[in-house]
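See structure below.
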Amino acid sequence: MAVSCSSSSVSGSAKALACLHTSHLAPQRTASARLRLQCIKMCSAPAAPGGSKKTVWVWTENRQVMTAAVERGWNTFLFGSKEVGKDWSSTARIHPLFIDGLEIFDEGNQKVAAISEISSPSELQLIQPDNVEVQNNVIHFRGDWQVIPAENIVAAFQGCAGAVLAVSTNSTEAQVFLEALEQGLDGVVLKVEDMDDIIKLKDYFDRRNEAKSQLQLTKATVSKVEVVGMGDRVCVDLCSIMRPGEGLLVGSYARGMFLVHSECLETNYIASRPFRVNAGPVHAYVTVPGNKTSYLSELQSGREVIVVDQNGLWRTSIVGRVKIESRPLILVEAKENSGNGTYSIFLQNAETVALIGPDRGSGGRTAIPVTSLKVGDEVLVRKQGGARHTGIEIQEFIVEK
């Protein structure tokens, strides 16, 4: 049973609801229901502890909010009228859905979800798997009491094929619904007019994605810095922005990979390029998803690499472009502080190229330009198995020097 919803929440000449689905629907859902929902997978909305992905819908009358959503890959919108949907479609490539009373339909006039309003415990009891008429439900909690009702919904619908979303008026409220009883609801409807809430919620998903696992990084002390000749070095331009302290794991030997900083820092020589890592020569290894390595020369548009920060938190990123050019190189060698391992890397001799060192707190250097690197400096490396076959770690005798 769907409880009545105020008319202002389902009508208007510029009502819009942007939706992004982040996974395949549950196995129990029929193929036709999967087609009707028509949402897009997004890697930044990670699995909850129970393994389910999250759905985000954004409800707005603000075109700037729409633009912010589209720029972040959220391009399925719901409107109060087909005329408004056509108007908004003229400014961005979107997939429109439509509200009709208390129901949501796709372009083929197939029902996608029902809207229910909850303002009392008795109304909450009506929102149960056996009482709903459609598999996807948008719940609008009225009043200040939200956490316990959300937890009750999570408990009631666990294991069911349908998706349950809650309307939230800011990104903080959305996080409450996404984390209720650890599992969280299946998603949220972010009803906002400020694009900052879009940005904050996207950042929240990014943090969840990064925190899903952590690589162990080891301190190593630089033992050699030597200017060598020319070589073909590789710049890796990603489809993602990197923050200070982030970079790619690169090395001449697969057994030890240096954390090479991105060009996100401002310098007196060149503008910041936070999407780029000047990674090293064509022969070097770079870490890619699946605990594998690739030669830098093998990277191309569409491949994925691992972006790592100085704490070992990592995320995947898509390669947008690779540039190979002849440049002067520096050889850097470092010895592991807690072992006998010695590792090496070649890097372009330029002020914008840097290695990442341990966190020194306020005032300490994290990114050390290779032009000022000296023997005794500490850098971060990732130790791993040295023997590789087509990038896959194998157990065999190998000597690299």
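All conditions but one from (1) open to solvent by 40 Å² or more (accessible area, probe 1.4 Å); (2) modelled with pLDDT of 85 or more; (3) outside any loop (DSSP other than H, G, I, E, B) apply to R207; the one that does not is (2).
Just for the range 77-88: of the residues that are surrounded by 15 or more Cβ atoms within 10 Å (Cβ to Cβ) and at pLDDT 75 or above, which one is nearest to the chain's Cα centre (by Cα)? Taking the candidates together, the pick is F77. Screening the candidates L248, L265, L259 for the property of being under 26 Å from the mean Cα position of the chain (by Cα), at pLDDT below 90, surrounded by 14 or more Cβ atoms within 10 Å (Cβ to Cβ) and closer than 17 Å to V370 by Cβ yields one hit, L265. Are any of the residues in the range 274-296 surrounded by 14 or more Cβ atoms within 10 Å (Cβ to Cβ), under 21 Å from E351 (Cα atoms) and among the aromatic types (F, W, Y)? Yes.
Please work out if V234 is modelled with pLDDT of 95 or more, more than 27 Å from G376 (Cβ to Cβ), crowded, with 20+ Cβ neighbours inside 10 Å and not basic (K, R). Yes: the conditions hold for V234.
With respect to the conditions (1) at pLDDT 85 or above; (2) closer than 30 Å to I356 by Cα; (3) of a type outside the set (D, E); (4) open to solvent by 20 Å² or more (accessible area, probe 1.4 Å), M195 lacks only one, and its number is (2).
For the condition within 30 Å of R327 (Cα to Cα) and within 22 Å of the chain's Cα centre (by Cα), L201 does not qualify.
In contact with a strand residue (DSSP E or B) (Cβ under 8 Å, 6 or more places away or on another chain), in a strand (DSSP E or B) and open to solvent by less than 10 Å² (accessible area, probe 1.4 Å) - does that describe any residue in the range 310-317? Yes: one or more hits.
Can we say I241 is open to solvent by less than 20 Å² (accessible area, probe 1.4 Å), within 30 Å of N170 (Cα to Cα) and within 16 Å of the chain's Cα centre (by Cα)?
On the way: open to solvent by less than 20 Å² (accessible area, probe 1.4 Å): no; within 30 Å of N170 (Cα to Cα): yes; within 16 Å of the chain's Cα centre (by Cα): yes.
For I241, the condition - open to solvent by less than 20 Å² (accessible area, probe 1.4 Å), within 30 Å of N170 (Cα to Cα) and within 16 Å of the chain's Cα centre (by Cα) - is not met.
The sole residue among K200, K219 that is at pLDDT 85 or above, basic (K, R), open to solvent by 40 Å² or more (accessible area, probe 1.4 Å) and touching a helix residue (DSSP H, G or I) at 6+ places or on another chain (Cβ under 9 Å) is K200. One residue is enough: does the range 346-368 have a residue meeting the conditions at pLDDT 95 or above, part of a loop (DSSP other than H, G, I, E, B) and surrounded by 14 or more Cβ atoms within 10 Å (Cβ to Cβ)? Checked the range 346-368: at least one residue is at pLDDT 95 or above, part of a loop (DSSP other than H, G, I, E, B) and surrounded by 14 or more Cβ atoms within 10 Å (Cβ to Cβ). Residue check: is N137 out of contact with any Leu (no Cβ under 8 Å at 6 or more places or on another chain) and at pLDDT below 85? Judged against the criteria, N137 is not a match. Restricting attention to the range 93-117, the residues that are open to solvent by less than 20 Å² (accessible area, probe 1.4 Å), part of a strand (DSSP E or B) and not β-branched (V, I, T) total 5.
The values are calculated or read from the model by the stated rules, or taken from the named source; none is laboratory data. Everything numeric here is computed off the predicted structure, so don't read it as measured data. When we count neighbours, we look across all protein chains shown, and the Cβ atoms used for this are built from the backbone with ideal geometry, even at glycine. Accessible surface areas use protein heavy atoms only, side chains included; no ligands, DNA or RNA. Shrake-Rupley method; radii C 1.70, N 1.55, O 1.52, S 1.80 Å.
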